[in-house]
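Peer 1: Attaching a single structure in structure tokens format; questions to follow.
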2 protein chains.
Amino acid sequence: MNIDPTMSVPIYKQIADYIRQTVAAGVYRPGEMIPSLRALALQLKVNPNTVQRAYEQLEREGLVRSRKGLGMFVTQQGAKTAQTKSEAAVCSAFARGIRAALAAGIQPPRVLTAFEKAWESVETEVRAQA
Amino acid sequence: MNIDPTMSVPIYKQIADYIRQTVAAGVYRPGEMIPSLRALALQLKVNPNTVQRAYEQLEREGLVRSRKGLGMFVTQQGAKTAQTKSEAAVCSAFARGIRAALAAGIQPPRVLTAFEKAWESVETEVRAQA
DNA sequence: TATACTGCACTAGTAGGCTAGTACACTATG
DNA sequence: CATAGTGTACTAGCCTACTAGTGCAGTATA
């Protein structure tokens, strides 16, 4: 995972989004433990406090549950919750784009074109990483 | 126009986006003057300085040019610039959504469904306003 | 010249995000 | 029991982004 400190999105939100996506994708399954505060902080080269803030948010969402002295564990409904939340975030991003397009007077057919264009650009990104 | 101070997006960016969209939509044409700092500040109930920051950004983008004592005027290539920039913003929003979807393991068909869902929700928003 | 509009520049205060440090409580394991 | 791992809680401080207030300079017009 990559953290971009220059982004306007706070680091702790980037971390929360990342963990949520991995849980949604099934990398961590219900009952399993996600990386410890200190381990992830070390890996991402950020302060443990920042990771904790991310984990607090995930716990409020009901995605994980902390067990003192043991770690943070994905709850039974965690995968489902993560999927729902992730899909909502995707919808929200799309809606923002569509709203901006209509406000700028871009016609619906051109909006679809923009979507296809975005799709292709993301696909080439993925290929480049692999 | 509505300003949402609770959004994570800074007010001055919301203003800049709004003006850019209206120029792209042809509300203000090349050679025409956009609302004065104080007039817009009064209307949106924000500080004139905040509007100025938005206008500075638009001037850097080559969308408008300031004439001391007169106002801010849309440049000749302003409309074209605004359209290009707006479309790029739309693409960017779509790409963010698609990237998040793939990271969360959402399959391509479901991504399309999410897009259609977002489209419908925006449409009902627009109807509600009208 | 006086007035009222324009943009511009400077200073100051506020809030949020991040880091750092420290200390504590719990659990498993040797 | 000692140790090393886990999460939790708190304080303090820094830095940047953002907003606000105020005053100044240019331009048009009566």
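The values are calculated or read from the model by the stated rules, or taken from the named source; none is laboratory data. Everything numeric in this text was worked out from a predicted model, so none of it was measured. When we count neighbours, we look across all protein chains shown, and the Cβ atoms used for this are built from the backbone with ideal geometry, even at glycine.
Peer 1: Residue check, B:C91 against (1) outside any loop (DSSP other than H, G, I, E, B); (2) of a type in the set (A, V, I, L, M, F, W, C); (3) under 12 Å from the mean Cα position of the chain (by Cα), all met but one. Which one?
Peer 2: Of the numbered conditions (1) outside any loop (DSSP other than H, G, I, E, B); (2) of a type in the set (A, V, I, L, M, F, W, C); (3) under 12 Å from the mean Cα position of the chain (by Cα), the odd one out for B:C91 is (3).
Peer 1: Of the conditions (1) surrounded by 18 or more Cβ atoms within 10 Å (Cβ to Cβ); (2) within 11 Å of DNA strand D (Cβ to nearest atom); (3) within 12 Å of chain B (Cβ to nearest Cβ), A:M72 satisfies every one except a single condition; which number is it?
Peer 2: With (1) surrounded by 18 or more Cβ atoms within 10 Å (Cβ to Cβ); (2) within 11 Å of DNA strand D (Cβ to nearest atom); (3) within 12 Å of chain B (Cβ to nearest Cβ) applied to A:M72, the lone miss is (3).
Peer 1: Of the numbered conditions (1) more than 7 Å from every other protein chain (Cβ to nearest Cβ); (2) surrounded by 21 or more Cβ atoms within 10 Å (Cβ to Cβ), B:I98 satisfies every one except a single condition; which is it?
Peer 2: (1)
Peer 1: So, one more: Quick check on my filter: what residues within the stretch A:28-80 are part of a loop (DSSP other than H, G, I, E, B), β-branched (V, I, T) and at pLDDT below 95?
Peer 2: Once the filter is applied, which keeps residues that are part of a loop (DSSP other than H, G, I, E, B), β-branched (V, I, T) and at pLDDT below 95, the stretch A:28-80 yields only A:V46.
Peer 1: Continuing with this model, one more query. Looking at A:P35, is it more than 22 Å from B:G105 (Cα to Cα) and either exposed (fewer than 13 other Cβ atoms within 10 Å of the Cβ) or in contact with a helix residue (DSSP H, G or I) (Cβ under 9 Å, 6 or more places away or on another chain) (or both)?
Peer 2: No; evaluated as a whole, the condition is false for this residue.
Peer 1: For the stretch B:76-91, indicate whether the set of residues that are more than 11 Å from chain A (Cβ to nearest Cβ) and within 11 Å of DNA strand C (Cβ to nearest atom) is non-empty.
Peer 2: no
Peer 1: Any idea how many residues of the stretch B:101-121 are more than 9 Å from every other protein chain (Cβ to nearest Cβ) and farther than 23 Å from A:K80 by Cβ?
Peer 2: Qualifying residue count, the stretch B:101-121: 1.
Peer 1: Among (1) under 26 Å from A:Q107 (Cα atoms); (2) more than 9 Å from DNA strand C (Cβ to nearest atom); (3) away from every other protein chain (no Cβ under 14 Å); (4) crowded, with 18+ Cβ neighbours inside 10 Å, which single condition is B:T22 missing?
Peer 2: Among (1) under 26 Å from A:Q107 (Cα atoms); (2) more than 9 Å from DNA strand C (Cβ to nearest atom); (3) away from every other protein chain (no Cβ under 14 Å); (4) crowded, with 18+ Cβ neighbours inside 10 Å, B:T22 violates only (3).
Peer 1: Looking at B:T50, B:T124 in this structure, which one is free of Cβ contacts under 8 Å to residues at least 40 places away in the same chain, away from DNA strand C (no atom under 16 Å from the Cβ) and either out of contact with any strand residue (DSSP E or B) (no Cβ under 6 Å at 6 or more places or on another chain) or within 11 Å of chain A (Cβ to nearest Cβ) (or both)?
Peer 2: Unique residue meeting the criteria: B:T124.
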